[in-house]
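This report refers to the structure that appears directly beneath it.
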């Protein structure tokens, strides 16, 4: 699995083809994902063309089961960040 450093390395390789003097740094990578996170918190979706959509999804409170005590419990309302890909990797249809 590729991590943050692998993504930054590949981005620098791709960027070197366009502008050899430009570099992507860790701070740039972090800033992009921080911006996406903050925008999703303000709105409910952030679409990145040719990549996908980040969506804030709410889950209602519900009843669950606590296996440690063997009793039903109330699971509070929560929100989570979801991602829906627009790139079909098996078809190779990414276009920049």
TODO: Mind giving me the nanometre distance, one decimal, between the label points for residue 55 and residue 83, set 7 Å out from Cα along Cα→Cβ?
DONE: 1.6 nm
Open item on the list: Given a 10 angstrom Cα cut-off, can you work out which residue in 45, 62, 25 is the most mobile in a GNM of the chain?
Closed with: 62
Open item on the list: As I understand it, the value is the acute angle between the Cα axis of helix 4-18 and the longest principal axis of the Cα atoms of the chain; what does it come to in degrees, rounded to 10?
Closed with: 30 degrees
Open item on the list: From zero outward in steps of 10 Å, how is the percent of C-alpha pairs of region 8-93 spread across the bins?
Closed with: 14, 26, 29, 17, 10, 4, 0
Task: Contact order normalised by residue count of the chain, Cα under 8 Å, 6+ apart, percent - done: 19 percent
- [ ] Rank-order 15-23, 76-84, 48-56 by packing density, defined as the average count of other C-beta atoms within 10 Å over each peptide's residues, highest first.
- [x] 48-56, 76-84, 15-23
- [ ] Could you compute the FRET efficiency for residue 7 and residue 44, with r as their C-beta to C-beta distance and R0 at 30 Å, rounded to 0.05?
- [x] 0.70
Task: Cα long-axis angle, helix 26-42 against the chain (0 to 90 degrees, to the nearest 10) - done: 40 degrees
- [ ] Tell me what the chain gives for mean residue ellipticity at 222 nm when only DSSP H runs of n ≥ 4 count, each as -39,500 (n - 2.57), the sum divided by the residue total, rounded to 500 deg cm²/dmol.
- [x] -11000 deg cm²/dmol
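Any read-out appearing in this document is the output of simple, stated calculations on the displayed coordinates, not a laboratory observation. In this text, all values refer to a predicted model and were calculated from it rather than measured experimentally. Every residue, glycine as well, gets a Cβ built from its backbone with ideal geometry; the counts of neighbours run over all protein chains shown.
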